[in-house]
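Chemist: Would you mind keeping the following structure in view while I ask a few things?
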Amino acid sequence: MSAEATTPGDAARERRGHRRDVLRLRQLGRAAVIRSTVRHRLPDAIEHVAQAHRRHHPRADLDALRRAYLLAESAHRGQFRKSGEPYITHPLAVTLILAELGAETTTLTASLLHDTVEDTEVTLDQVRADFGDEVGHLVDGVTKLEKVEYGAAAEPETFRKMLVATGSDVRVMSIKLADRLHNMRTLGVMRPEKQARIARVTRDVLIPLAERLGVQAVKSELEDLVFAILHPEEHARAQELIRRHSAGPDPLAEAADAVREVLREAGIAAQVVTRPRHVLSVHRVRLKRGEPGPYDYGRLLILVAENADCYAALGELHTCFTPVVSEFKDFIAVPKFNLYQSLHTAFAFGGGRIAEVLLRTHAMHRVAEAGVIVLGDPHRAGEGDAGAEEERVDPTRPGWLSRLLDWQRQTPDPDTFWTALRDELAKDREITVFGEEPGSGPLQLPVGATCVDAAYARHGDAAHACLGVRVNGRLATLRTVLHDGDTVHLLLAPDGSSGPSPEWLEHATTPAARIPIRRWLDSREASGGDAGPEPAPHHGQAAGALAPVARRAAADPADRAAAIVADVPGAPVRLARCCTPVPPDGVRGFTVRGGAVTVHREDCPTAVRMTAAGRRPLPVTWRSESIGCRVTLHAEALGRPELLADLTEALAAHGAAVLAAEVEPPREHRVRHTYTLRLPDSAGLPRLMRAMRRVPGVYDVTRAARLQS
C-alpha cells in the first residue's frame, strides 16, 4: 500500500517551484535564440517539455516536437512579447502546460506551432506538408479563434467561432485554454483596464468552458488569477488566511493517518493525500461558513486502483467514522457532464470537526485534473501508455457541447446566441434526474430546471409534442421545478400533433429548451398561425401540465381519408376543430382559403352562420364509418384530487391519444376538462364517452360545438 500526505508547506513550495519553472523556461527560451542545435538532437529549450511529456507517454516519439520547435523558433525569431522576452517563450510555456496535463504528442506539436500561421510567414499549407493534416487542422482551428478581437461587440461572434472550432476537435479549445492561462500569468505588463477586460472575458466564458471540458487544473488557476485582478482586496485576504494556516501543522494530517490505518487494516491499497484548496475556494468557504476552520483549507484525496476499491474504501470510512450523510455524492455511477468521476463524502473526526473526502481511481484522477486533455485523440490508441489498448471515451462531443453547437446553428442572431451561451455557462451546479422509459439514461440539468427543460434535454425538438409529465409517479405540471434524484416520465402526443405554447418560455430555464420553443413559435407566427400543430396545453390550466388549445391546427392525417367532397374532386379536406365531426355525423363542407374544404357538423353554429351569410355548402359524405377520427370532448365534473389522472387513465384504456387538454379554473367546486383526442375508430366514441361518465365525480361528457378560447 502506498500512502503519503502533503505537509503544511506544500502549497508554498509548489508556488516557489512554479516560479522556478517559469525562470527556467525563460532561460531556455533565451538560450534557444542563440544556441545552435545538433541535427536530430532534442533542443535544450524543449527538454523541460519532453520530460513532462514522457511522464505520461513514456514511449512517445519526440521527433515531431523537435521539428515543430525548430520551425517555431525560427519563425518567431526577432519577435518579442510586451515583457521583453523572446516570443518563443510563449508557445513553449503553453506547450509545457499541456504536457504537464498529459496531452498527447499531436496536441503538443500543434501547440508549439499555434501562433506561427497567425504571426509569422509560415503558411498553413507548410504546416500540413511538414506535420500532417491533423496538426494542420488544430493549428487552423486555433488561428481562427485569434482573428476576432475580444470586445463587447465582438464577443458573440468570437465565441460562436470557438464553439465551431471546439466541435470539430476539442483539442483546439485545449490549446486555447492553455494559451489563455499563460497570458493570464503574464498579464501584469498590460494596462489595468485591459487586464480587467481580459479577466472578465476569462471569467464569463473561458473558465466555464474549462469546467465543462473537465480541465480542473486550468480552471482553478484561471479562477485565482481572475480573482486577483477583479477583486484584489478579497484575494489578498484569502491569501493571508492561507499563509497563516500554512505556518502551522496541518490539522488534516491526523485524519489522513487515521484513514491510512483503517484502509491498511482492510487490505485496501490506497494513496491518501491532503489536497489544499486554492485561493478562490477558500474565499468561497469564508462567504458560505464564515471564517474557515482548521479543516476547511483542504480535503482528503484517496486514490485506489479499481472502481470497486472506491466503494470498498467508502464502506470502511462510513463504518469506522461518523459519516455526514448529506455530503455523500456518487459521481462514479452518475458521472458529471464533464467526464468527472469521484465519490464525495465527509466524516466527523477529532471532537466533531468535519473532514471532507474525495475517493477516485488513479485514472479518474487524471481525468478529473485534465479532462479532455488527457484523453487526447479519441480515434486512435494511446502513445505508449499502459491503457493504449483500451477503447477511449470520445470527448470531442460532450452532451453540453453538442447542445451549444445545435444552438449556434439554430440561432442566427448573435446577441440571442450570446445570451443563451452565457446563461448556460453561468450554471455551475447541476442535478441528476432519471427517466421511467426503458433505456432512458440519467439527465443532468442545472439547478432550477423544470419539466420543460427535461423534455427538451431528453427529446430535442420532439418535445414540442409534450402533453404532460409524471414526476416520481405522480402527474405534475410542466412548470414543476425538478430536484436531484427525481424520476420523470414525459407524455408526448403522437406524430408531432401538438406544439408548445408561449407560456412554456416562462418556465424554460435552459437554452436547450428556450431556443427551439422560440424558433417554433416564430415560425408559426411567420406562417400566420396556419402551419404547425396545435400548441400543447398550458401549465397553469391543468394539473397535468397541459396548455390552452390552439385556435388553428394542421390537418389531421385522418382528414384526408375521412370524407369525400362530391363537387370538388381532389380538394384537400380538413375536419373543423370547432365541432370535430366524426362518422356518422351529418356534415357539410365549405371552401376556405387555398382551395381546401373544411368539413363541419350540420348543427355546428359556425356552419349555420356561414350558410346564413350566403356561403354555399358542399355535399360531403363519409368514406367509411370505421376510420380514425379527431374529436374534442368536454367533461363536466366536481373537482377532487386525482380527477385528471382517472380521466387520463380512462382515455388511455380506450385507445384515445390526447392531443391537447385544458382545465378551466374551478367554480363552486365544479370543473370543466376539455380534451382533443385522436381515436383509432370513430365507432368507439360512444363507448369512450360512457367510460368517462363513469369516472367518479364526472356528471356529463359532451362533444364540442364551438371553438374553445
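The values are calculated or read from the model by the stated rules, or taken from the named source; none is laboratory data. For clarity, every value in this text was computed on a predicted model and none was experimentally measured. Every residue, glycine among them, receives a Cβ derived from its backbone with ideal geometry; neighbour counts consider all protein chains shown.
Chemist: Can you pull out every residue in region 229-256 that is buried (at least 20 other Cβ atoms within 10 Å of the Cβ) and within 18 Å of F349 (Cβ to Cβ)?
Modeler: Selection gives H245, D250, P251, L252, A255, A256.
Chemist: If I ask for residues that are of a type in the set (S, T, N, Q), surrounded by fewer than 22 Cβ atoms within 10 Å (Cβ to Cβ) and outside any strand (DSSP E or B), which ones from region 578-606 would you list?
Modeler: T606 - this is the single residue of region 578-606 that is of a type in the set (S, T, N, Q), surrounded by fewer than 22 Cβ atoms within 10 Å (Cβ to Cβ) and outside any strand (DSSP E or B).
Chemist: Which condition number in (1) among the aliphatic types (A, V, I, L, M); (2) touching a residue at least 24 places away in the same chain (Cβ under 8 Å); (3) within 15 Å of A508 (Cα to Cα) is the one that A462 fails?
Modeler: So the condition that A462 fails would be (3).
Chemist: Is there a residue being under 27 Å from the mean Cα position of the chain (by Cα), modelled with pLDDT of 90 or more and within 20 Å of E221 (Cα to Cα) anywhere in region 263-278?
Modeler: Yes: region 263-278 contains one or more residues that are under 27 Å from the mean Cα position of the chain (by Cα), modelled with pLDDT of 90 or more and within 20 Å of E221 (Cα to Cα).
Chemist: Of everything in region 487-498 that's of a type outside the set (A, V, I, L, M) and modelled with pLDDT of 85 or more, which residue is farthest from L445 (Cα to Cα)?
Modeler: H489
Chemist: Here's a check for you: in region 183-228, which residue that is of a type in the set (K, R) and under 18 Å from A370 (Cα atoms) is surrounded by the most Cβ atoms within 10 Å (Cβ to Cβ)?
Modeler: R212
Chemist: Something else now. Quick one: is V226 among the aliphatic types (A, V, I, L, M), closer than 25 Å to T106 by Cα and without any contact (Cβ under 8 Å) to a residue 60 or more places away in the chain?
Modeler: When the stated conditions are applied, V226 does not pass them.
Chemist: If you don't mind, another one. Could you check E193 against (1) under 30 Å from S174 (Cβ atoms); (2) in contact (Cβ under 8 Å) with a residue 24 or more places away in the chain and say which number it fails?
Modeler: It is condition (2) that E193 fails.
Chemist: Can I ask one more? When you look at S501, is it over 17 Å from A661 (Cα atoms), among the polar types (S, T, N, Q) and either modelled with pLDDT of 85 or more or outside the structural domain of R672 (by TED's automatic domain parsing) (or both), yes or no?
Modeler: No: the conditions fail for S501.
Chemist: For the subset of region 654-672 comprising residues that are in contact with a helix residue (DSSP H, G or I) (Cβ under 8 Å, 6 or more places away or on another chain) and outside any strand (DSSP E or B), which member is surrounded by the fewest Cβ atoms within 10 Å (Cβ to Cβ)?
Modeler: Among residues in region 654-672 that are in contact with a helix residue (DSSP H, G or I) (Cβ under 8 Å, 6 or more places away or on another chain) and outside any strand (DSSP E or B), the one surrounded by the fewest Cβ atoms within 10 Å (Cβ to Cβ) is G655.
Chemist: Of everything in region 431-477, what is basic (K, R) and either assigned to a strand (DSSP E or B) or in the same structural domain as L339 (by TED's automatic domain parsing) (or both)? Give them in sequence order.
Modeler: Result: R470, R474.
Chemist: I've got another one for you. Here are some residues: R616, R551. Which one is outside any strand (DSSP E or B) and either in contact with a Pro (Cβ under 8 Å, 6 or more places away or on another chain) or at pLDDT 80 or above (or both)?
Modeler: Being outside any strand (DSSP E or B) and either in contact with a Pro (Cβ under 8 Å, 6 or more places away or on another chain) or at pLDDT 80 or above (or both) holds for just one of R616, R551, which is R616.
Chemist: Still on this structure: Give me a count of the residues in region 263-319 that are in contact (Cβ under 8 Å) with a residue 24 or more places away in the chain and part of a helix (DSSP H, G or I).
Modeler: Residues flagged as in contact (Cβ under 8 Å) with a residue 24 or more places away in the chain and part of a helix (DSSP H, G or I) within region 263-319 amount to 18.
Chemist: While we're looking at this one, here's another question. Quick test of your reading of the structure: V259 fulfils all but one of (1) modelled with pLDDT of 90 or more; (2) assigned to a helix (DSSP H, G or I); (3) surrounded by fewer than 21 Cβ atoms within 10 Å (Cβ to Cβ); (4) not aromatic (F, W, Y). Name the failing condition by number.
Modeler: Evaluating V259 over (1) modelled with pLDDT of 90 or more; (2) assigned to a helix (DSSP H, G or I); (3) surrounded by fewer than 21 Cβ atoms within 10 Å (Cβ to Cβ); (4) not aromatic (F, W, Y) leaves (3) as the failure.
Chemist: Can A454 be described as at pLDDT 80 or above, touching a Pro at 6+ places or on another chain (Cβ under 8 Å) and either surrounded by fewer than 16 Cβ atoms within 10 Å (Cβ to Cβ) or of a type outside the set (F, W, Y) (or both)?
Modeler: So A454 fails the test.
Chemist: Another question, if that's okay. When the residues of region 697-709 are filtered to those that are under 46 Å from the mean Cα position of the chain (by Cα) and modelled with pLDDT of 85 or more, which remaining residue is surrounded by the fewest Cβ atoms within 10 Å (Cβ to Cβ)?
Modeler: Of everything passing the filter in region 697-709, T702 is surrounded by the fewest Cβ atoms within 10 Å (Cβ to Cβ).
Chemist: Sticking with this one: Can you name every residue in region 229-254 that is under 21 Å from R185 (Cβ atoms), touching a residue at least 12 places away in the same chain (Cβ under 8 Å) and aliphatic (A, V, I, L, M)?
Modeler: I229, L230, A238, I242
Chemist: Of the numbered conditions (1) modelled with pLDDT of 80 or more; (2) under 50 Å from the mean Cα position of the chain (by Cα); (3) part of a loop (DSSP other than H, G, I, E, B); (4) of a type in the set (D, E, K, R), D646 fails exactly one; give the number of that condition.
Modeler: (3)
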